[in-house]
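Enquirer: Quick one: this structure, given as structure tokens, is what I'll be asking you about.
The values are calculated or read from the model by the stated rules, or taken from the named source; none is laboratory data. What you see is a predicted model, and the numbers here were worked out from it, not measured in a lab. Heads up, the Cβs are rebuilt from the backbone with ideal geometry, glycines too, and the neighbour counts pull from every protein chain shown.
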């Protein structure tokens, strides 16, 4: 793991990011005190990483329309003729 000060990191950020992209980790120091580690991010570890990788490679195309969940959240629940309590009592009476 390479050690680098904040000022060195600022001055050569692009070069250091190339090293990180290649898999090297950097220990960032502030006045010789370790404050952070800079490491490469694995897309598969991110929540949408796999989907992002498939999208970048052209295998998957993301939808441009609204998500169905959003449409469902805005809609009202259907009205029923029976009360929920009556349905529950009936279900319990049937032994389910």
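Enquirer: Is there any pair linking a residue in segment 73-96 that is surrounded by 10 or more Cβ atoms within 10 Å (Cβ to Cβ) to one that is modelled with pLDDT under 85 and not in a helix (DSSP H, G or I), with Cβ under 9 Å and at least six apart or on different chains, and which?
Expert: The qualifying pairs are 87/80; 90/82.
Enquirer: Further, regarding this structure: Output the number of the condition that residue 65 fails; it satisfies all remaining conditions of (1) part of a loop (DSSP other than H, G, I, E, B); (2) at pLDDT 75 or above; (3) out of contact with any helix residue (DSSP H, G or I) (no Cβ under 7 Å at 6 or more places or on another chain).
Expert: Condition not satisfied by residue 65: (2).
Enquirer: Would you point out the residue of segment 18-62, among those that are over 22 Å from the mean Cα position of the chain (by Cα) and part of a helix (DSSP H, G or I), that is surrounded by the most Cβ atoms within 10 Å (Cβ to Cβ)?
Expert: Going through the qualifying residues, I end up with 19.
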